[in-house]
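A quick write-up on the structure given underneath.
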Amino acid sequence: MKELRSFLLRIRIVPKWAIFALDLGICIFSFVIANYILSDFDIVFIDNEDMLHGILIIFLSSAIFFSILKTYDGIIRYSEMFEILRIIYALLLSVLLLLIINVALQLMHIENFIPNTSLVVYFFIASFTITAYRLFVKNVYKEDYGSAKVEALIFGGEENPALLRNNIEAISETPYKVIAFLHNDNRFIGKSVDNTKIFHYKNIEEILKHRPVKVLFIAQENMDPGITDFLVEKCLAQQVSVKNLPPVASWINGHLTKDQFRAVKIEDLLGRPAIRLLNQHVIALLKGKRILITGAAGSIGSELAMQIADMSPELLILCDQRETGLYAVEYQLQQKYPGLPLKIVLGDIKDRVAVEQIFLQHAPHIVFHAAAYKHVPVMEAHPSEAIRNNVLGTIVVADLAEQYGVERFLFVSTDKAINPSNVMGASKRIAEMYCHALHFGSYPLTQNSTASKIYPLHGRKLERIKFITTRFGNVLASNGSVIPRFTEQIANGGPVTVTHPEVIRYFMTIQEACSLVLEAITMGNGGEVYLFDMGQPVKIAQLAEKMIRLAGFEPGKQIEIKYIGLRPGEKLYEELLNNEEEVLETHHQKIMIGKVPLQDTQLFIGQLKELLHCADKNDDEAVVKLMKQIIPEYKSNNSVYTIFDKESKAI
């Protein structure tokens, strides 16, 4: 027996033809045994010629139904009851076919090749033997892992917990043993699945104290991040790894493999349920439209392109000055949407002549303006360039959208534009103010060279363009965000650098951010600033600790966290509204509108012209001083420009 078990354990996956041949061999063996039983094991009474005919018939009938029902497809060590029932069903059909043939032969007064009693006894012996050998093989693999099992927990899995548990325990690479299920539904608490008890998830700490659990499997989709965060916290504190399981529908041939386990990512720990928007009306708006996305090579722009491509636009126009990033987005879209009408434009949004060619040649209906410089320390060192790109670039694109009859213009802003403490945030706030002024009737700042000639060609009604703004918090895993930086630092063995132990930020995923943008472009009537409930802010130091633990290291011991001080222009926390903005609810409970008060447009436009003139001369000090005049709430933080705040107070 030991030699047999050792032989079986050396076999990884048995070929299908071998299982098929073994099952047919068992059928022949069962038929012979059935005849011996019926002859009271007296070989003399068995006609060898009849026996050979019978074996041939059994072989053919069994082979036909085994092939039809593909009884050999499954991996025996993973066999479940439905697979065993399929084999029995194939045997039953083959026997029924032969019984029907016997009845037909009797009606024609022809002697049966195989007696009915032999067929019935054969069916029971074959069914028992094939089932027994499958269960034996399954048990051999299961027992092999009995001496060194890795204890595991499962959260969720209420759809088919036994199947889930058995598949996890059958993973050949690791001898898992599921010792308990966890759940958040009181209807399941205290019950058992094949002697495996279900506990409330809050009991995990007690379980981990008394059992050497090494892994927690999460088998529930769209899980409340609050529960995920709680479980991950408790597990990481005890060096227990956490893995997500794919939905049953995505299992390979009905079975789990180790490669399908996905480690919990920091995106799963937002601390709030993911915002999910109904997109039917978004599809209705964007389908069949010509859509321009600026900053299309960036994190937001590229994700917008991916989501919009799925909505059958008439033409998707992607503009960016980053050649490599733009090429990568084009390649991804062509691979995923081969028939997508796509136009790639390599260009600078500050270049009015180049941008105007986009409007002349392609006449976009809708513009998503995501192009911007976003890195706070870099913009703090280059105020004039921040104004040229973030303000002048927005002015150029917005003016052309106004002049060429675009229906809707959405400006992607940032929470750093509220009560700004840095040049980047202030530049985005001024760009917001310009879009707001345009919506409420200001004349475009740049010259209208050919718009009057183009309007009739477009054949559009000159309805007022809708300028809409969205403000984002920090986007997880975006270019330049803390997530990729922390990931790289952890991979290099640390240290992980955090600016300040008390720094907090709001976070969302790229997918959520773009869903919000698409919802806003549909909901907006113009002049609104859209923002949404981002839950509780996240302390960056705690984020670093979680990422270190998720990577399997101990913060402060194996990977150091180093505090390097606030960067120029950085503040401890961000806001989504300033004190003068009113918040209104929308039909979506997680999305709000910030009603921005009207401004003195004539004064603003005059200041803006002067600001652009100073930026053109690269006079950084003059630029910052003017920005602080335009935005009185702009107070520099940890910056060389704080001196101008003191000067303004003295005045």
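The values are calculated or read from the model by the stated rules, or taken from the named source; none is laboratory data. Quick caveat, the model's predicted, so the values are computed rather than measured. Heads up, the Cβs are rebuilt from the backbone with ideal geometry, glycines too, and the neighbour counts pull from every protein chain shown. Accessible surface areas use protein heavy atoms only, side chains included; no ligands, DNA or RNA. Shrake-Rupley method; radii C 1.70, N 1.55, O 1.52, S 1.80 Å.
Summary of computed values
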quantity	calculated
Residue list for the stretch 380-413, restricted to those being open to solvent by 10 Å² or more (accessible area, probe 1.4 Å), closer than 18 Å to Arg464 by Cα and not in a helix (DSSP H, G or I)	Gly405, Glu407, Arg408
Residue in the stretch 535-551 that is among the polar types (S, T, N, Q) and either within 23 Å of Asn422 (Cβ to Cβ) or assigned to a loop (DSSP other than H, G, I, E, B) (or both) present	yes
Residue in the stretch 586-600 that is part of a helix (DSSP H, G or I) and modelled with pLDDT under 95 present	no
Hits in the stretch 367-412 - residues which are touching a Cys at 6+ places or on another chain (Cβ under 9 Å) and hydroxyl-bearing (Ser, Thr, Tyr)	Ser384, Thr394
Number of positions in the stretch 186-236 that are small (Gly, Ala, Ser) and in contact (Cβ under 8 Å) with a residue 12 or more places away in the chain	2
Positions within the stretch 318-329 being buried (at least 17 other Cβ atoms within 10 Å of the Cβ) and either in a helix (DSSP H, G or I) or more than 26 Å from the chain's Cα centre (by Cα) (or both), in sequence order	Gln321, Gly325, Leu326, Val329
Flag if Lys416 is among the basic types (Lys, Arg), crowded, with 24+ Cβ neighbours inside 10 Å and under 30 Å from Phe644 (Cα atoms)	yes
Pair list, Cβ < 6 Å and 6+ apart or interchain, from the stretch 537-559 residues that are more than 13 Å from Gly494 (Cα to Cα) to residues that are of a type in the set (Ser, Thr, Tyr) and open to solvent by less than 60 Å² (accessible area, probe 1.4 Å)	Pro537/Tyr506
Check on Phe359, closer than 17 Å to Asp399 by Cβ, outside any helix (DSSP H, G or I), open to solvent by less than 20 Å² (accessible area, probe 1.4 Å) and not β-branched (Val, Ile, Thr)	no
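Table: residues versus (1) open to solvent by 10 Å² or more (accessible area, probe 1.4 Å); (2) under 21 Å from Leu392 (Cβ atoms); (3) part of a loop (DSSP other than H, G, I, E, B).
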| position | (1), (2), (3) |
| --- | --- |
| His281 | yes, no, no |
| Leu285 | yes, no, no |
| Leu292 | no, yes, no |
| Leu316 | no, no, no |
| Tyr331 | yes, no, no |
| Gln335 | yes, no, no |
| Lys350 | yes, yes, yes |
| Val355 | no, yes, no |
